[in-house]
1. Restricting to region 70-93, give me the number of residues that are open to solvent by 80 Å² or more (accessible area, probe 1.4 Å), touching a Phe, Trp or Tyr at 6+ places or on another chain (Cβ under 9 Å) and outside any strand (DSSP E or B).
2. So which residues in region 12-29 are in a loop (DSSP other than H, G, I, E, B) and in contact with a helix residue (DSSP H, G or I) (Cβ under 7 Å, 6 or more places away or on another chain)?
3. If you scan region 101-137, which residues turn out to be surrounded by 14 or more Cβ atoms within 10 Å (Cβ to Cβ), touching a residue at least 60 places away in the same chain (Cβ under 8 Å) and of a type in the set (A, V, I, L, M)?
4. In this structure, is residue 16 open to solvent by 20 Å² or more (accessible area, probe 1.4 Å) and touching a Ser or Thr at 6+ places or on another chain (Cβ under 8 Å)?
5. Could you list all residues from region 1-29 that are under 18 Å from residue 44 (Cβ atoms) and touching a residue at least 40 places away in the same chain (Cβ under 8 Å)?
6. Using the structure shown, decide if residue 52 is open to solvent by less than 80 Å² (accessible area, probe 1.4 Å), under 30 Å from residue 129 (Cα atoms) and either without any contact (Cβ under 8 Å) to a residue 40 or more places away in the chain or not in a helix (DSSP H, G or I) (or both).
7. Restricting attention to region 30-48, which residues are buried (at least 18 other Cβ atoms within 10 Å of the Cβ), in contact (Cβ under 8 Å) with a residue 60 or more places away in the chain and not in a strand (DSSP E or B)?
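The values are calculated or read from the model by the stated rules, or taken from the named source; none is laboratory data. Please read all numbers here as calculations on a predicted model, not as lab measurements. Counting neighbours? That spans all protein chains shown, and the Cβs are built from the backbone with ideal geometry, glycine included. Just the protein is used for accessible areas: all its heavy atoms, side chains included, with ligands, DNA and RNA removed. Shrake-Rupley method; radii C 1.70, N 1.55, O 1.52, S 1.80 Å.
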Amino acid sequence: MIEMRVMGIALDTRSGSPIVVLNDLDNRKALPIWIGSAEASAIIRKIENIPSSRPMTHDLFLDIAKQSEFLITKVEINDVDDQTYFSTIYMYNSKLQKELQIDSRPSDAIAIALRADVPIFVSSAVLAVGSVSTDVEKDEQEAQEFKNFIQDIKPSDFEKLLKKNFESDQ
């Protein structure tokens, strides 16, 4: 799992649909997820610290969790199927020593994570399918370094590595 943070909300220029954009902590990968207008509004309200006179749905969720003595610990965006993303909200009650895993839409999980100030994690599989590079120059540099490494490696280097790993396991 890779920790991500919300970079903001963008609009799809073709459809006008909101997109929440997550970035990894190194700003190397961005994950755009198309979301609904209400969820975009909830995320923006938290990012911009815009107060509400009455509890919004995500605030209500957190209030219920707190009254039940559950703390939100993290959220994970852990699967994608045909451009539909899936996520899980993790909650923990220390008195009961019980963890709950709540299936959620990513937009709701993100809105809740922002309000609970907990980390947002994305699986490697999801990033492989949906992320885009935000640092092409660094990607090209790493690709060249890898090509150089491959050109200079000899079969005997693998033998040495295997022997070293075997000895460390003993």
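1. Residues in region 70-93 being open to solvent by 80 Å² or more (accessible area, probe 1.4 Å), touching a Phe, Trp or Tyr at 6+ places or on another chain (Cβ under 9 Å) and outside any strand (DSSP E or B): 1 in total.
2. The answer is 28, and nothing else.
3. Within region 101-137, 110, 111, 114, 120, 122, 126, 127 meet the criteria.
4. When the stated conditions are applied, residue 16 does not pass them.
5. 4, 5, 6, 20, 22, 23
6. no
7. Hits for region 30-48 are 35, 39, 40, 42, 43, 46.
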